[in-house]
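Visitor: Submitted below is the structure of interest, expressed as C-alpha cells.
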Amino acid sequence: MTKNELTAFIRQVSLFKGLSNDEIQVVAEHVKRKTFSKGAYLFKQHCHREAIYFIAGGEVELFSKTTYGAEKRLAYFGAYDFMGEGSLLDHSPHSTNARAITDVVGYSIEKADLEHLTENHNGITSKIYANLAKVITRRMHQANAQLINAGAQYASGSTRHEHDLLGDRDVPDHVYYGIQTLRALENFNISGVSLQFFPTLISSLGIVKMAAAKANHDLGLLEDDVTDAMVQACDEIMKGKYHRHFVVDMIQGGAGTSTNMNANEVIANRALEIMGHKKGAYEYCHPNNHVNLSQSTNDAYPTAIKIALLYSNIKFVEVLKDLVDSFRQKGQEFADVIKMGRTQLQDAVPMTLGQEFEAYATMLEEEVERLENNADLFLEVNMGATAIGTGINADPDYSEKCVNHLRDITGLDIKLAKNLVEATQDTGAFIMYSSAVKRLAVKLSKISNDLRLLSSGPRTGFNEINLPPMQPGSSIMPGKVNPVIPEVVNQIAFKVIGNDLTVNLASEAGQLELNVMEPIIVQSLFENIEMLKNGMEVLKYRCIDGITANKEHCMNLVHNSIGLVTALNPVLGYEICTKLAKKALEENRSVYDLVLEQKLLSKEELDRVLAPENMVKPHKLTLNK
C-alpha cells in the first residue's frame with residue numbers, strides 16, 4: 001500500500017475521524033503493516049495488550065472462552081474495523097480473542113507508539129480519545145439494551161418518518177429496524193427475552209433472506225445493485241453484526257410476522273446504507289417489495305427456525321458427547337470398586353461402581369442418535385409456499401432455486417417439502433424434536449437423582465461417592481454441603497418437561513392452513529436447548545469430573561448386605577439361602593459370617609464364590625443338586 005493509499009485508509013477508520021491531513025500523516029508514521037494467515041491470532045484472552053489493530057482486508061472473529069473452554073462468538077470485523085483499543089486506556093489483559101477467519105492484511109499501532117503520540121501530539125490523542133468514547137458509549141448502549149430491555153434502545157435525537165397500514169410514526173434514526181418492529185416492541189413486552197438472545201436464529205434469518213434474494217435475482221426479479229446490497233447485509237448479519245437491532249420479544253402474536261418484519265427492515269435499511277442511501281428511503285430497497293419478495297412469514301419464518309435448530313443441535317450434541325465421555329471415564333476409574341446394586345431402594349446384588357457409571361454413559365449416548373435423527377426432520381422446508389402453501393406471488397421456479405441456494409449457503413442437505421400446503425400448517429417436526437429433548441432431560445434428571453442418593457450422608461446416607469463440594473449448604477447448619485449441581489439439573493429437567501407440554505399444546509392449537517402459535521414453540525425449543533446445554537456443561541465440569549469413590553465403605557456394605565446371599569443360590573440352593581437371609585436379618589449379622597459358622601462352605605470356597613469377578617458378570621455355574 002502506497003503512502004497515499006495508507007492515509008486514505010486511515011481516514012476511513014472511525015477512530016481517526018476528524019483528524020486533519022497533517023494529523024493523519026503523523027498517525028501514518030506510527031502504523032506498521034501486519035499480515036495474518038487464516039487461523040492466526042491477532043491477540044489472545046488474558047494476554048497483555050500490545051497494540052491496536054486495524055483491518056484493511058479480510059475478516060477477523062472476536063470470541064471469548066467460557067470457564068469450560070467453549071468458544072463464544074461475539075462479533076466479526078472487516079475492512080476499516082479496529083480492535084484492541086483498550087491499549088489506549090489501561091494495562092489490563094485482553095478479555096477476548098481475535099482470530100483471522102480469512103487471510104488478513106492490516107495495520108497496528110504498538111503500545112510504545114501510542115505512548116509517544118500521547119506525549120508529543122496531545123491534539124491528536126485528544127481527538128482519538130473522543131472517538132473512542134463514542135465507540136464505548138455505543139457498545140455500552142448495546143449491552144444495556146440486552147441486559148435491561150429492548151425499550152432501552154430508544155435514544156433522543158434525530159428520527160425518520162415511516163408509515164404502514166395503521167398510519168405514520170417517527171422511528172429513531174440510529175436504529176435499523178422500522179415502523180412495524182417499533183409497533184411490535186410496544187405490543188409484545190412479554191418475556192423480556194428478545195431475538196438477540198438467540199444469535200443462531202438471527203443468523204438463520206439472514207441465511208433465508210440471502211437465499212431468497214439470490215433466487216429472485218436468478219429469476220430477473222431483482223436488479224444487480226439491490227441484490228448485491230441485500231446479500232452483503234445478510235452476510236453481515238450472518239456474521240454477527242446488527243444483532244442488537246433484532247429487538248422483538250420471542251413470545252409474540254401474529255405467527256412470527258413481527259420477527260420476519262424485524263429481519264426485513266434491518267436488511268432493507270442496511271442495504272440502503274450500502275447503496276449510499278439513508279435509512280428509510282424504501283423506494284430504493286423496500287422491506288416488503290424487495291427483502292420479502294416471493295415470501296411470506298409463513299414460509300420464511302419456519303425455514304429460518306429449522307435451520308437455526310439444525311445448527312443449535314450440532315453444538316447441543318457436542319456438549320452431550322462431552323458429558324458421555326466424562327461418565328465413561330468415571331466408569332473406567334471405578335471399575336474395581338465393588339458395591340451393592342439396589343432395586344426399589346433395597347439391597348439387590350453386587351456390581352461395580354464402574355458398571356453404574358458406564359450405564360449412565362450408555363444411557364445418555366443413546367440420545368445422540370435420537371437428537372440427530374429428529375433434527376434431520378428440519379431439513380424439509382416450505383420456501384415458496386408463501387401464505388398458505390399455494391405459492392401465490394411466487395414464480396413457479398422460485399422454490400427450487402431458493403432451496404438450492406439454501407443448500408449452497410448452509411452446506412446442509414435441505415429439501416423442499418412434497419406438499420407445501422401440508423408443510424405450512426404441520427408442526428410435527430417440532431413435536432418430535434421437543435420430545436427427544438425432553439427424553440434427554442428425563443434421563444439426566446434420573447441420573448441426578450441417583451447421584452444425590454449415592455452421595456447422601458455423609459454419616460447417615462449411602463455415602464458411596466463424594467461429589468465435589470461447590471458451596472456451603474446451609475445458613476444454619478455448619479459444615480453442611482448439598483448436592484447443588486444435580487439439584488439444578490433436576491430443576492432444568494422440570495422446566496424442559498413443561499416446555500415440551502407447551503410445544504404439544506401449541507401444535508395442537510393450529511387451525512386450518514396455519515399454526516399461529518409457532519412463536520411459543522420456537523421460544524420453548526430454544527430455551528430448552530440453551531438450559532440443557534448449560535446444565536450439561538455444569539454437570540460435567542462441576543460435578544462428574546470431580547467425583548471420587550469411597551471404595552472401602554462400598555466393600556463393607558457388600559459384606560454386610562443380605563443381598564450377598566443371591567450369589568450363593570447356585571451353590572447352596574434357594575431354601576438354604578432364604579433361611580440364611582432371614583437369620584441374618586433377625587440377628588443383625590452378615591451372611592458371610594453365618595455361612596462360615598454353619599460350616600456350609602469353607603472360607604476358601606466362600607471367598608471363591610464371592611470373588612468380584614463371579615458377582616458382577618455372568619460365569620459358568622456348578623449347581624447344587
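The values are calculated or read from the model by the stated rules, or taken from the named source; none is laboratory data. Small disclaimer: the values here were computed from a predicted structure and weren't measured. Neighbour counts run over all protein chains shown; Cβ positions are idealised from the backbone, glycine included. Remember, those area values only see protein heavy atoms, side chains included, never the ligands or the DNA or RNA. Shrake-Rupley method; radii C 1.70, N 1.55, O 1.52, S 1.80 Å.
Visitor: Go over the candidates 486, 469 one by one and state the one that is part of a loop (DSSP other than H, G, I, E, B) and within 30 Å of the chain's Cα centre (by Cα).
Guide: Working: 486 fails: part of a loop (DSSP other than H, G, I, E, B).
After ruling out the rest, the residue left standing is 469.
Visitor: Among the residues of the stretch 403-429, write down those that are in contact with a Pro (Cβ under 9 Å, 6 or more places away or on another chain) and of a type outside the set (A, V, I, L, M).
Guide: The answer is 424, 427.
Visitor: So is residue 497 of a type in the set (A, V, I, L, M, F, W, C), open to solvent by 20 Å² or more (accessible area, probe 1.4 Å) and in contact (Cβ under 8 Å) with a residue 60 or more places away in the chain or not?
Guide: When the stated conditions are applied, residue 497 does not pass them.
Visitor: Also, quick follow-up: Of all residues being of a type in the set (Asp, Glu) and surrounded by 20 or more Cβ atoms within 10 Å (Cβ to Cβ) in the stretch 500-542, which is nearest to residue 371 (Cα to Cα)? Just the residue, please.
Guide: Among those residues, the one meeting the criterion is 500.
Visitor: Another question about this same structure. Within the stretch 103-112, restricting attention to residues that are touching a Lys or Arg at 6+ places or on another chain (Cβ under 8 Å) and over 11 Å from residue 35 (Cα atoms), which residue is least open to solvent (accessible area, probe 1.4 Å)?
Guide: In this case the residue turns out to be 109.
Visitor: Name every residue in the stretch 346-356 that is outside any helix (DSSP H, G or I), open to solvent by less than 60 Å² (accessible area, probe 1.4 Å) and not β-branched (Val, Ile, Thr), in order of residue number. Outline the logic, then answer.
Guide: Of all residues in the stretch 346-356, those outside any helix (DSSP H, G or I) come to 346-352.
Still in the running and open to solvent by less than 60 Å² (accessible area, probe 1.4 Å): 348, 350-352.
Passing the criteria: 348, 350, 351.
Visitor: Among the residues of the stretch 492-520, which ones are under 23 Å from residue 443 (Cβ atoms) and among the hydrophobic types (A, V, I, L, M, F, W, C)?
Guide: 492, 493, 494, 496, 497, 501, 503
The rows are residues; the columns are (1) touching a residue at least 24 places away in the same chain (Cβ under 8 Å); (2) touching a helix residue (DSSP H, G or I) at 6+ places or on another chain (Cβ under 6 Å); (3) within 28 Å of residue 219 (Cβ to Cβ).
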| site | (1), (2), (3) |
| --- | --- |
| 391 | yes, no, yes |
| 402 | yes, yes, yes |
| 416 | yes, yes, yes |
| 419 | yes, no, yes |
| 430 | yes, yes, no |
| 442 | yes, no, no |
| 445 | yes, yes, no |
| 448 | yes, yes, no |
| 458 | no, no, no |
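Visitor: Just the residues that are over 18 Å from residue 78 (Cβ atoms) and not in a loop (DSSP other than H, G, I, E, B), please, taken from the stretch 7-31.
Guide: 7, 21, 22, 23, 24, 25, 26, 27, 28
Visitor: Here's something else I'd like to know. Give me the residue from the stretch 553-611 that is open to solvent by 50 Å² or more (accessible area, probe 1.4 Å) and outside any helix (DSSP H, G or I) and, out of that set, modelled with the lowest pLDDT.
Guide: Filtering the stretch 553-611 for residues that are open to solvent by 50 Å² or more (accessible area, probe 1.4 Å) and outside any helix (DSSP H, G or I), the one modelled with the lowest pLDDT comes out as 560.
Visitor: Ok, one more. Restricting to the stretch 357-376, and then to whatever is within 15 Å of residue 323 (Cβ to Cβ) and either among the small types (Gly, Ala, Ser) or not in a helix (DSSP H, G or I) (or both), can you tell me which residue is most open to solvent (accessible area, probe 1.4 Å)?
Guide: 359
Visitor: Just wondering, is there one or more residues in the stretch 395-415 that are surrounded by fewer than 16 Cβ atoms within 10 Å (Cβ to Cβ), out of contact with any Lys or Arg (no Cβ under 7 Å at 6 or more places or on another chain), in a loop (DSSP other than H, G, I, E, B) and at positive phi?
Guide: Yes, the stretch 395-415 has at least one match.
Visitor: Report the residue count in the stretch 319-356 for those that are modelled with pLDDT of 95 or more and either on the phi > 0 side of the Ramachandran plot or among the charged types (D, E, K, R) (or both).
Guide: Summing the residues that are modelled with pLDDT of 95 or more and either on the phi > 0 side of the Ramachandran plot or among the charged types (D, E, K, R) (or both) in the stretch 319-356 gives 7.
Visitor: What number goes with the only condition from (1) at pLDDT 95 or above; (2) within 30 Å of residue 618 (Cα to Cα) that residue 376 does not pass?
Guide: (2)
Visitor: Tell me, please, whether a residue that is open to solvent by 10 Å² or more (accessible area, probe 1.4 Å), in contact with a Phe, Trp or Tyr (Cβ under 6 Å, 6 or more places away or on another chain) and among the small types (Gly, Ala, Ser) can be found in the stretch 227-240.
Guide: Looking through the stretch 227-240, at least one residue is open to solvent by 10 Å² or more (accessible area, probe 1.4 Å), in contact with a Phe, Trp or Tyr (Cβ under 6 Å, 6 or more places away or on another chain) and among the small types (Gly, Ala, Ser).
Visitor: Same structure, new question: I'm told residue 387 meets every condition in (1) small (Gly, Ala, Ser); (2) assigned to a loop (DSSP other than H, G, I, E, B); (3) more than 30 Å from residue 294 (Cα to Cα) except one. Can you identify the failing condition by its number?
Guide: Among (1) small (Gly, Ala, Ser); (2) assigned to a loop (DSSP other than H, G, I, E, B); (3) more than 30 Å from residue 294 (Cα to Cα), the lone unmet condition for residue 387 is (3).
Condition check ((1) more than 30 Å from residue 361 (Cβ to Cβ); (2) of a type in the set (A, V, I, L, M); (3) out of contact with any Pro (no Cβ under 9 Å at 6 or more places or on another chain)) across all residues:
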{"position": "242", "(1), (2), (3)": "yes, no, yes"}
{"position": "275", "(1), (2), (3)": "yes, yes, yes"}
{"position": "278", "(1), (2), (3)": "yes, no, yes"}
{"position": "288", "(1), (2), (3)": "yes, no, yes"}
{"position": "298", "(1), (2), (3)": "yes, no, yes"}
{"position": "302", "(1), (2), (3)": "yes, no, yes"}
{"position": "314", "(1), (2), (3)": "no, yes, yes"}
{"position": "320", "(1), (2), (3)": "no, yes, yes"}
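Visitor: Those residues that are in a loop (DSSP other than H, G, I, E, B) and of a type in the set (D, E, K, R), I need them from the stretch 47-76; list them, please. So that I can check it myself, show each step before the final result.
Guide: So in the stretch 47-76, the residues in a loop (DSSP other than H, G, I, E, B) come out as 47-50, 58-59, 66-70.
49, 50, 59, listed by residue number.
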